[in-house]
Structures are given as structure tokens and as C-alpha cells.
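Notes follow the structure.
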Amino acid sequence: MTLLEVKGLRTYFKTQEGTLKAVDGVDFEVEKGHAMGLAGESGCGKTTAALSIMKLLPANGYIAGGKINFMGQDMARVTGEKLRSIRWRDISIVFQGAMNALNPVKRVGDQISEPILLHEDVDDEVATKRVKELFELVGLSPNRIRDYPHEFSGGMRQRVMIAMALACKPKLVIADEPTTALDVMIQAQILQLMKSLQKELELAMIIISHDLSVLAETCETLCIMYAGKIVERADSVEVFRNPQHPYTKGLIEAFPNIKGDKTMPASIAGNPPNLIIAPKGCRFAERCYMAKEICDEKEPPLIEVRPNHYAACHFVKAG
Amino acid sequence: MGNDIVSVKNLQVWFPIRRGFVESLLSDEQSYVKAVDGITFSIKQREIFCLVGESGCGKTTTGKAILRLVEPTGGDVAYFGPGKDELLKEVTDASNRKKTSARVYVADQEKWAEFVETYDMADIKKAKRVMGENAFAGILKRAKTKPDGNDLNMAGVKNDADRKALQPFVGKMIVDTRKAKATIGEQKLTEILERAGIKPQADDLNIASIKNADKKTLRPFVKKEFVDIGRAKDAMGEKALAGILKRAKTKPDGNDLNMAGVKNDADRKALKPFVRRVKSNWVLMSKIPKDRKEELLKAGGINVRTLSKHNMKAMRQKLQIIFQDPYESLNPKQSIYDIIAEPLVVNSIGANEAEREQKVTKALMDAGLRPPKNFMWRYPHEVSGGQRQRVGVAGALVLDPDFLVADEPVSMLDVSIRSEILKLMLDLRENRGLSFLFITHDLGVAYVFSDRIGIMYLGKIVELGPTEKVIKDPHHPYTKALISVVPTPDPKDRTEKIILKGERPDASKIPSGCRFHPRCPFMMDICRVEQPSPVFVSEGHWVSCHLHTKGSSAEKMGD
Ligand SMILES: Nc1ncnc2c1ncn2[C@@H]1O[C@H](COP(=O)(O)OP(=O)(O)OP(=O)(O)O)[C@@H](O)[C@H]1O
Ligand SMILES: Nc1ncnc2c1ncn2[C@@H]1O[C@H](COP(=O)(O)OP(=O)(O)O)[C@@H](O)[C@H]1O
Ligand code: SF4
Ligand code: SF4
Ligand SMILES: [Mg+2]
Ligand SMILES: [Mg+2]
């Protein structure tokens, strides 16, 4: 069952230099109980896409077009009471870097019970009981709900953030760079936790990361974003077995492979384009080793290369 | 690959845990965060040596200690790189003038055998086996609890009731005046001293005769205190005291007992069969005959740890560091030019602004920020993350160093540009002959980039060897776990993950025996009590784990 369907999403920011098209025509779907990975370089619009779904954009940002269909509601259009009833209760988010944004002078447990008390008609006692269950669920000792954030390590704080996102039993959780600031062993623990929660609670997840290998291990499907657009989309195994877009290929090659030979991985030279004056043709053309004349002229459409495998490049063939 | 450029031996960095006033009254014992706790490795010229480990295991502290950005607590750091000869000559000349003898580090102990300083170590395991646990425990007890004749070091007395019983007999209280000065201020300290009419001995001060309020002020800086055993015995009776002494038994370090602590003649004699004389790597200049002085100065290394402030300034130019976080380490209010020129100004290098600009330009070029003019006058927030990291590299290059500590230089960067920065460093080695201590928690990066790897856990190196051997043939359970959790993109390459339980370990509470034992899937009884020593695996490859100790039951079982 499709839980979330995003179609032609465009999210822009008003800036002094002009309109910045952070997300510029993005399509994807998330199935119930499935995890979708959103990968791409810093600044390509991953966080903006997530905030659009949650309708939590900063003041200068706005949804300029497209549909965000969540269980029959177009999130791009809902407002007021309706929006409040969906946000946090049906969809929630673990913000990028949020584990460092916990209120330092407030007990951790109280910070989690807050959204419960706000969104549900329950008393303190029920909320506290729920917080204890949530602690248990994310692998923290329920005895520690009265601790302060500084008494927790980075990995434990990230568990708290996940518990907070799960507080109102949502159907979809968006996790923005959930392991980026953590070291490898803690990263493995958090990913294992997310995977087991997904199974146990039949959660749908959107996991955002610039680290493709992290996503490959945790997500059923993958979207590769570049400069505000999705350039490739397929299930994870297919993306790695059979990458089509030159950018995807470049990203995969940029990973050191500890199981392979000891060779320096390739890098993708250059920087992403300015999103205020986006290039007319393919946005990747400036950095693409395959670019031909047509790439500067015409924007490549996202076409289905194989069943459920999409790529946006002039030189991939529809299968 | 050639000779060593930097050699680190038994390096220790302990940070005293700061305590509140009340806490310091309740317990007299100073505890430490043992961030680096006796590590040994050397880095060859033009080599990239990589330290890998979880957050908090002591990687950054090791890097900083080599450069003396933090002061080591123990051990040696020796430098053999370019410019060493001049510096060594300066150091020996200076010590000649002061009529002291300079100490010179020699890598080849055999060659300088007749001159190196020595000390005695007793093999604890052997001693125990031969003379029996009890007899040996007695020696330890005598050695560790009575180091100063009639005085008992209170640090060894852990039992609270015992501490309380002994409190009335505490005589000397030695305060670390440097620390006191840093915290309460020089003026206040001087006032206290004047009131008491005493003078500190070197950096230490006995505060036994200081009164009340002043004593309280200085209490937090007490580092050692001793009990007058004679008085204690008279007052509390011999039996009570004997009980205390027994309980106070402290643990020796690793499997060796330093004989310097064993003062009792009978005990020394009893241990004699198990003692081996250990050679240090240090030679006193004054012991060297005239005709070999030249040779020693050529072969010897500089003792970075004992360099004076003045000489250290010259040394720093050869040893540089690229800091962990390019976002935090660059001052946002300074232009890139100012950031890179700062070390030149601080070290008074370059006769004028034009000369400095030339050096900055070259550093920017070498760091791949080309053309330099386009970058020099921008501010850190006006360049991309990758370029910001290159600014960090340029800042380290401007003094023309020979050895670079690169602390997680690519961890904050997008995967797509990581290799660019790594390749930049490879180019620097190629073109400038640089050597690197590379610090990372990402084994994938360590694998493709380094020549040798040291795996660090809680302040110790647990496995060390050529990169390919450590990654493809890991021996330590911790190394195996670390390798297993590196995410692998290709599903066909996936193997089972060994996810260690628990948060990262705490350097202020180091477990007994093998410090990895609480998280080790292969833990045996011996692991809880005995610290494993390094075991040879193959050429240049060492591991510290009882599973691989020769003749261990585990090995017999056929691991
Ligand atoms: N100035 C200091 N005072 C007290 N403790 C310190 C100090 N600096 C570091 N430590 C402690 O020493 C230990 C090692 O720290 P270090 O910074 O070397 O870790 P690291 O291996 O570089 O970790 P990371 O991967 O997080 O950078 C930690 O327990 C840390 O809290
Ligand atoms: N509040 C804002 N105002 C203006 N531009 C913004 C704002 N937030 C993000 N952007 C820009 O939008 C683009 C996409 O940003 P973001 O979604 O944060 O990327 P990612 O999460 O993929 O790193 C970037 O060019 C970024 O600079
Ligand atoms: S369309 Fe052209 S520039 Fe774009 S990815 Fe394909 S080949 Fe490269
Ligand atoms: S010595 Fe024992 S506890 Fe330590 S790593 Fe080896 S098996 Fe594990
Ligand atoms: Mg983001
Ligand atoms: Mg560090």
C-alpha cells in the first residue's frame, strides 16, 4: 500500500539574490512498512524535501508546486487543525543534528512527554508510562527518564530523538542524517535499532543521508538527488548492481571498499551548480564525463529504464 | 621506505579529573582520565600511519601530545626528521652552558648499549609462579605501600574506613603549585605562602604547616600525601595498621614490576631471578666519549618531550596539525589570508608583508586552492566545505613542516570530495616528502589511504601492522568488530556484523586486565585479570590479545 506519494514537488526559497529552487520537480513514493533512502551531496535539497512533507519550511521557503499525497490528503494544501492532526501524529521527523539541540536544562523524559501531552488527550501518568515504554523500545534504561541531556552520550541522545519521533505512534518517520555525527560502532547500533523498529511497528521511513552505503544497508528503495532533482530511483540492490546515471556511478565509485582492493576511490570533480540560476540542460553536465552537446541544451527526463528503475540521462535507454 | 621520522614510546596522557571542593574533602585520591595510556609506535619518513578507533579512545590526544599541544604524562616522543641536527646541536650547546647533560634518543639500543640508561623490571608472572602468590603479594605490598621509608602513600589506601582511621596521621601534603597558580591565581598563592612563611620546592609545596582557610584553598591541588606510619602505629596499634596495609595493596602496571619501587633488600634479593635489565632509548650526552659525540648527534633523535619553550618553537614548525573540524577551527571573522598568515606572524617568519604574502600564496597553491588570488581575501563561510578543509591544510603547510598530524580531515566532507583531499595529501608526500599521522574512525578511508594502521582502544594500541594485513587478516576481536560494521554498499559483499554492546567506554574507569573484556565476545577468565602483551603475528603485525598469546589455553584449543 502506498502511504506517501510525492509528485512534481517544487520548493523554493526567496533570497536576496533571487529565487533559489532547492527542490525542483521531485517524484517518489513510500510504501507502508518500507524504508526509502534519499541520497545526495550536501545542498542538493534533501532536508528541504523532508521539511516540505512536514510543512515545516522556514519563513522564506514555500511550496511552489506539486502534490504530496499522504493517505488521501494533499499535504501541500492542508492547513490549520487538519495539518496539526497529521503532523507528529501520522508523520514525524528526526531533525538533522537534533541530538545536539535537546533543551539542556530540561529532563529528557519531559521533553518526550511534551508532544504526547500536546497531541493526545492523556494525563501525566499515562504520558510517563508511554515515555518509559519508548525508552525501552529504543534501548535506553527507563530509569534514566529523569536525566538531563548532558548525562547522555551522542548515541544515547540520538536514541532519545528517535523515541521522541515515535512518541505519537506515527506511520511514517523521516530521519534526516540520523548517524552522520556518530562513529561507526554507534552508527551500526542506531541503524540496527531503526531496522528493528521498522519491522516491529510496521513503520514507513524516509532516511536521508549523504552516505550511500548507509542507505544501501537499511532501505528497500533509493532515490539519488542532484541539484534539486531526482536523477535515479530504484530498489537498493538494483541501484548498486545496475546503476544507470553517471552521477550515481560516480557516487558508488567514491566509496572506499574495505572488502575490495586497496585502491583510492575516484572523486567527482567540481561543485554542484548554483540553484538560483540553474543550468538550462542537464544539471550534472558540468561535472559529467559523458556529457555531449545535447546535455547543455535539453534537460533529460526521468525515464523508466527497467520496471521500477528510473534514471534521468539522455544516454540511458528505456527498456 | 626509509628511517623513522617520529618515534613514540610508552606515551601517556592523563588528565586529572577536576573535583568540587566537597568531593575533594571526601576523597583524597586524585583520579584520572587516562586518555592515552602507554602506546608505542613509530612513523617512517614519507609514511602515512593511521590511528583508528571509536570516539574518545584517545586519537586526537595522541596527535596533540606528539606536538605537545597537550603535555604528555609519561613516555617519550623522539624526532629524527629534517632540521634535527641543527636543533640537537642547539640543545646540547645550551645544556653545556648550563653544565647539565642533554639526553639524546637513540633508536638502535644495541649500538649504543654501553651508554644507554637502564632500569630493572621483574617479570611478575614468572615470579608468581616460582615463589607463590602469597610471597609475591607480600613483596608488592611492601613495595607499593612503603615507597618512602616510614611514610605510607595515601593514594594506595582505597578503603574508606581505613582512610578515615589514618587521617589524623597524615603529615606531608604536597600541592602542585603550578596547578594551584593556574586556578586561584599567582597573587592569591603568594599571599598564602607569605602568611605561612614557606617556600615551595620546585613546583611542589608541602602544606602541612599551613593553617585552616588557606589549607582549604589549596586542598584541591594536593597530589600526594603521606602518612607517618610510626605515629599511626603508636596511636592505633600494630594490628589495625597491618590490616590497612594489607587492603591497600595496589596493582602493578601490566606484567612488569619496576624494581625502582622495591626498596626492601630481602625482597630485592627474592625477586632477583626474575629481573631483567631493560634498556631505555636515552643516552646522556655527558657519558659519551668525545670521539663519538659527532656520531651520536647524527644518529640520535630529539627528545620532543623535554625541549625548552624556545626550542619547542622551532620544533613546532616541523610538526603541524590539521584540526578535526573545518567548521569550528577556522575563525569566521578572519579572511583566509589572515588565517594562513597567522602562524607566520606568531613565529616571526618573513621579513615583511610581501614575503609573507608569497608564502601564503604558495601554501594555497599547494593545498589546491588555485588561483590563490581568488581565495585569499574571502572569508571561511564564502567557500565550500571541501575548500574550507583545504584552507585548513594550507594553514598547516605555510610553515613548511615535515610531519603532519591530520585529525579526521575528511570526516565532515561529502563522500564525493573526500578522495580529492586524500589525494592532495598523497601529492604532498610525493612532492614535499611529508610524513603523516592520520587519524580517523572510518576504517574504509584508513584502508585505502594509509601504509600502516594502529587500532586504538581506550588509550592503548591493540593491533598494529601494515594496512593490508590488519584489514584482510585482523587478529584482535575489536578490529574484527570494527571491520564488520563498516557499511558495505554491495549486498553481495555483506557479512555478518559484530555489533558491540554498550556505549563507548569511559577512559576514567578503565576495566582491569584486558580493557576490552566487558565488550569482548571471546572473553576468557584470564582476560579479567591479566593485561595481554603484544604478540607477534607476522612481519610488522602485532596484536595484544590472550587468544593469541603463545601457549594460552585458547591457542591450544586451536583458535
Ligand atoms: N583537556 C582534557 N581534559 C580532560 N579530559 C580530556 C581532555 N581532552 C580529552 N579528554 C578525554 O580524553 C579521552 C580521549 O579524547 P580524544 O579527544 O583523544 O578522543 P578521540 O579518539 O580523538 O575521539 P573522537 O573520535 O571523538 O575525536 C576522552 O575520554 C576525552 O573526554
Ligand atoms: N532557509 C533557507 N533560505 C535560503 N536557502 C536555503 C534555505 N535552506 C536551504 N537553502 C538552500 O537550499 C538548498 C538545499 O538545501 P538542503 O535541503 O538543506 O540540502 P541537503 O539537506 O540536501 O543538504 C541549498 O542550496 C541551501 O543552501
Ligand atoms: S544527460 Fe548528459 S550530462 Fe546529464 S548525466 Fe546524462 S550524459 Fe551526463
Ligand atoms: S584478551 Fe580476552 S577480552 Fe581481550 S580481546 Fe582478547 S579475548 Fe577479548
Ligand atoms: Mg540536510
Ligand atoms: Mg578526536
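The values are calculated or read from the model by the stated rules, or taken from the named source; none is laboratory data. If you're wondering where the values come from, they're calculated on a predicted model, not measured in any experiment. Every residue, glycine as well, gets a Cβ built from its backbone with ideal geometry; the counts of neighbours run over all protein chains shown. Ligands, DNA and RNA are excluded from the accessible area calculation, which covers all protein heavy atoms including side chains. Shrake-Rupley method; radii C 1.70, N 1.55, O 1.52, S 1.80 Å.
Numbers for the structure displayed
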| quantity | calculated |
| --- | --- |
| Candidates B:Arg378, B:Arg429, B:Arg390 - the one that is over 22 Å from B:Ile336 (Cβ atoms), away from chain A (no Cβ under 12 Å) and open to solvent by 10 Å² or more (accessible area, probe 1.4 Å) | B:Arg429 |
| Residue within the stretch B:63-86 that is open to solvent by less than 10 Å² (accessible area, probe 1.4 Å), in a loop (DSSP other than H, G, I, E, B) and either within 14 Å of another protein chain (Cβ to nearest Cβ) or within 16 Å of ligand 6 (Cβ to nearest atom) (or both) present | yes |
| The stretch B:304-333, residues that are outside any strand (DSSP E or B), among the hydrophobic types (A, V, I, L, M, F, W, C) and under 28 Å from B:Ser55 (Cα atoms) | B:Val304, B:Phe323, B:Leu330 |
| Members of the stretch A:232-249 found to be in contact with a Ser or Thr (Cβ under 8 Å, 6 or more places away or on another chain) and either within 7 Å of chain B (Cβ to nearest Cβ) or surrounded by fewer than 17 Cβ atoms within 10 Å (Cβ to Cβ) (or both), listed by number | A:Asp235 |
| In the stretch B:431-442, residue farthest from the chain's Cα centre (by Cα) [restricted to those that are assigned to a loop (DSSP other than H, G, I, E, B) and within 16 Å of ligand 1 (Cβ to nearest atom)] | B:Asp442 |
| From A:Glu299, A:Glu286, A:Glu304, residue being in a strand (DSSP E or B), more than 11 Å from chain B (Cβ to nearest Cβ) and either open to solvent by 70 Å² or more (accessible area, probe 1.4 Å) or within 22 Å of B:Pro487 (Cβ to Cβ) (or both) | A:Glu304 |
| Qualifying residue in the stretch A:260-273 (condition: more than 16 Å from ligand 1 (Cβ to nearest atom), out of contact with any helix residue (DSSP H, G or I) (no Cβ under 6 Å at 6 or more places or on another chain) and away from chain B (no Cβ under 12 Å)) | yes |
| Any pair with Cβ under 7 angstrom, 6 or more apart, that starts in the stretch A:7-23 at a residue that is assigned to a strand (DSSP E or B) and ends at one that is aromatic (Phe, Trp, Tyr) | A:Tyr12/A:Tyr62; A:Thr19/A:Tyr12; A:Leu20/A:Tyr12; A:Leu20/A:Phe13; A:Lys21/A:Tyr12; A:Ala22/A:Tyr12; A:Ala22/A:Phe13 |
| Search result, residues across the stretch B:322-338 that are open to solvent by less than 80 Å² (accessible area, probe 1.4 Å), out of contact with any helix residue (DSSP H, G or I) (no Cβ under 6 Å at 6 or more places or on another chain) and not polar (S, T, N, Q) | B:Asp325, B:Asp338 |
| Residue match in the stretch A:69-92 (condition: within 14 Å of ligand 2 (Cβ to nearest atom) and either within 14 Å of chain B (Cβ to nearest Cβ) or closer than 28 Å to A:Ile224 by Cα (or both)) | no |
| Residues located in the stretch A:257-275, provided they are more than 16 Å from ligand 2 (Cβ to nearest atom) and open to solvent by 30 Å² or more (accessible area, probe 1.4 Å) | A:Asn257, A:Lys259, A:Asp261, A:Lys262, A:Thr263, A:Met264, A:Ala266, A:Ser267, A:Ala269 |
| Candidate set from the stretch A:102-125 (those that are among the aliphatic types (A, V, I, L, M) and touching a helix residue (DSSP H, G or I) at 6+ places or on another chain (Cβ under 8 Å)); member that is most open to solvent (accessible area, probe 1.4 Å) | A:Leu117 |
| Any hit, the stretch B:34-50, residues being part of a helix (DSSP H, G or I), away from ligand 4 (no atom under 16 Å from the Cβ) and closer than 15 Å to B:Phe436 by Cα | no |
| Residue satisfying all of: in the stretch B:502-540; exposed (fewer than 13 other Cβ atoms within 10 Å of the Cβ) and under 28 Å from B:Pro466 (Cα atoms); farthest from ligand 5 (Cβ to nearest atom) among these | B:Phe536 |
| Scan of the stretch A:24-67 for residues that are out of contact with any strand residue (DSSP E or B) (no Cβ under 8 Å at 6 or more places or on another chain) and either part of a strand (DSSP E or B) or at positive phi (or both), ordered by number | A:Gly43 |
| Conditions (1) open to solvent by less than 40 Å² (accessible area, probe 1.4 Å); (2) touching a strand residue (DSSP E or B) at 6+ places or on another chain (Cβ under 6 Å): number failed by B:Lys469 | (1) |
| Residues located in the stretch B:472-483, provided they are more than 8 Å from chain A (Cβ to nearest Cβ) and either outside any helix (DSSP H, G or I) or open to solvent by less than 10 Å² (accessible area, probe 1.4 Å) (or both) | B:Asp473, B:Pro474, B:His475, B:His476, B:Pro477, B:Tyr478, B:Thr479 |
| In the stretch A:77-119, the residues that are in a helix (DSSP H, G or I) and hydroxyl-bearing (Ser, Thr, Tyr) | A:Ser85, A:Ser113 |
| Residue check for A:Gly37: within 16 Å of ligand 2 (Cβ to nearest atom), within 14 Å of another protein chain (Cβ to nearest Cβ) and touching a Cys at 6+ places or on another chain (Cβ under 8 Å) | yes |
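A quick yes/no check of all residues on (1) open to solvent by 20 Å² or more (accessible area, probe 1.4 Å); (2) modelled with pLDDT of 90 or more; (3) assigned by TED's automatic domain parsing to the domain that holds A:Gly228:
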position: A:Ala22; (1), (2), (3): no, yes, yes
position: A:Gly25; (1), (2), (3): yes, yes, yes
position: A:Lys32; (1), (2), (3): yes, yes, yes
position: A:Ala39; (1), (2), (3): no, yes, yes
position: A:Gly43; (1), (2), (3): yes, no, yes
position: A:Ala49; (1), (2), (3): no, yes, yes
position: A:Pro58; (1), (2), (3): yes, yes, yes
position: A:Asn69; (1), (2), (3): yes, yes, yes
position: A:Arg84; (1), (2), (3): yes, no, yes
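Results for (1) part of a strand (DSSP E or B); (2) away from ligand 4 (no atom under 16 Å from the Cβ), shown as yes or no for each residue.
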residue	(1), (2)
B:Ala396	no, yes
B:Pro401	no, yes
B:Val410	no, yes
B:Ser419	no, yes
B:Arg429	no, yes
B:Ile453	yes, yes
B:Met456	yes, no
B:Leu464	yes, no
